[in-house]
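Only one structure is covered here, and it is reproduced in the block below.
The values are calculated or read from the model by the stated rules, or taken from the named source; none is laboratory data. Computed from a predicted structure; not experimentally measured. Here the Cβ positions follow ideal geometry from the backbone for every residue, glycine too, while neighbour counts run over all protein chains shown.
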Amino acid sequence: MEKSTGKINKVYAMQLATIFIGFIIFGFSENIKGPAIPRIQFDFMLNESQLGTLLSLNALGYLIACSFTAYLTRIWGIKWVTVVAFASMAGSGILIFYSHYYTMFSASYFLMYIGNGMLEIGLAILSARIFVRNTGTMMNMTHGFYGLSSTVAPLIATGLMKVTIGGHTLDWRGMYLIMLLMSIIPIIIALFSTFPGDDISHEDRVPLKALLKDKVLWLMVCVLTFGVVSELAVGGWLVNFLEKAYDWDTVRASGMLSIFFLCFALARLFLGPLTDKIGFVLSLIMFSGFSAICTFAAIAGGEQVAFLFAASGIGIAMIYPTVMAFIAKRYSKGSDTAITFTVTLMGLGSVIGNYLIGGVIEVVKHIVGEETETGLLRGLQAGYGFIGLCAALCAITGLILYILLSKRKEII
């Protein structure tokens, strides 16, 4: 019995190591681009349009990966899908290092984001299969490590680009090589580990047609989309808002964004147990509602309560991992399909949501007066208000979901 327990603990430890290290590397790979982009633009002499096209490969590669990862999981198993995801990222690091022409570099960059997309879906499926107890706690904790690595990634990238080895400065190519080659660590761990769920027969899995008829899953898509739009939009719009609305300098505004991400990461690390205690759906309502209240209060209260913009990260941080925990519990034999379907639609919704924020700002500026300071301020307030509205809609959709599940007596 002791030998058996020891073996189980060793297997579980290997599984945990794959997931936690995977999320750390995932956070690095997605967020080291900030300091590198200006140097990439200079080296390849890219104009703003070409740079925009390059960055759009992020969303495109992500969505393409979402479309086939669940299918590959059914054919190869989650172990080999995870290994291939990490391997494509390591391979892209080598290709980026040797990319001296824009065409090769853009192809290598695209491969990296294919790997990122596969990894996000793969880690979500793997977590759903492994965390059968304390699911909310573990889901939030693993995503918390993603938040922490995302916070330090720009600092590490900046430092690495200045490192000189043998008279040669690493610069952005060497930085990408080193950071992405870290993917070899979880590859080795995954190869010597085993993962549950691949032994489920195709007949036992929940088919996509059955999932499409489930109102609960569609409501969860709405919850996740509104939540993630609100989450991602802060990174793109908070600094811009603080600089233009309150005349903050870049350092001060960026500092507020860093505090947002710190609140975001700490919330995932320490508040996960609450989701298990009070229930996943109630957690979604409470946390997204808290984020909406903080955002609206920050806009209405002006510069004196700007700290509430950062505090909103405590609430919105909990949405994505809690939705993943809900899916893991409700669709235990079809989590791969349910996660892929939900995350893919969320990706499409996120693209639309960010366009809408920019559109709202321009429309309000035009109505109030484009050339006036008041017009700019009202436009920015309306645009950021849309971010708060998304958080509020996340809570409202969660409430509708709660009522539906209550009637069915299926509260999780």
* In region 126-168, the residues that are buried (at least 17 other Cβ atoms within 10 Å of the Cβ) and charged (D, E, K, R) -> 129
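Considering only residues that are of a type in the set (Ser, Thr, Tyr) and either over 21 Å from the mean Cα position of the chain (by Cα) or not in a helix (DSSP H, G or I) (or both), which ones fall in region 79-107?
Initial filter on region 79-107 (of a type in the set (Ser, Thr, Tyr)): 82, 88, 92, 98-99, 101-103, 106.
Within region 79-107, 98, 99, 101, 102, 103, 106 meet the criteria.
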* To do: Could you tell me whether region 256-265 includes any residue that is polar (S, T, N, Q), modelled with pLDDT of 90 or more and either surrounded by fewer than 18 Cβ atoms within 10 Å (Cβ to Cβ) or closer than 20 Å to residue 139 by Cβ (or both)?
  => no
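Are there helices (runs of 4 or more DSSP H) fully within region 312-412 with at least 2 residues that are over 26 Å from residue 265 (Cα atoms) and without any contact (Cβ under 8 Å) to a residue 24 or more places away in the chain? List them.
Details: elements: 319-330, 335-368, 373-408.
Per the criteria, 335-368, 373-408.
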* To do: Of the conditions (1) within 22 Å of residue 329 (Cβ to Cβ); (2) part of a helix (DSSP H, G or I); (3) in contact with a helix residue (DSSP H, G or I) (Cβ under 8 Å, 6 or more places away or on another chain); (4) modelled with pLDDT under 90, residue 206 clears all except one; give me its number.
  => (2)
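Just to be sure, is residue 242 surrounded by fewer than 20 Cβ atoms within 10 Å (Cβ to Cβ), part of a helix (DSSP H, G or I) and touching a residue at least 40 places away in the same chain (Cβ under 8 Å)? Even if it seems obvious, please write down each step before you answer.
Details: surrounded by fewer than 20 Cβ atoms within 10 Å (Cβ to Cβ): no; part of a helix (DSSP H, G or I): yes; touching a residue at least 40 places away in the same chain (Cβ under 8 Å): yes.
Criteria not met by residue 242.
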* To do: Might you check whether a residue that is surrounded by 16 or more Cβ atoms within 10 Å (Cβ to Cβ), of a type in the set (A, V, I, L, M, F, W, C) and at pLDDT below 85 occurs anywhere in region 171-188?
  => no
* Just name the residue that is farthest from residue 136 (Cα to Cα) out of those in region 295-311 that are touching a helix residue (DSSP H, G or I) at 6+ places or on another chain (Cβ under 7 Å) and touching a residue at least 40 places away in the same chain (Cβ under 8 Å). => 303
* Asked: Taking only pairs six or more apart or across chains, which ones have beta-carbon atoms under 8 Å, a first residue in region 266-287 that is under 18 Å from residue 404 (Cβ atoms), and a second residue that is not in a helix (DSSP H, G or I)?
  -> 279/411; 279/412; 280/412; 281/411; 281/412; 283/318; 284/318
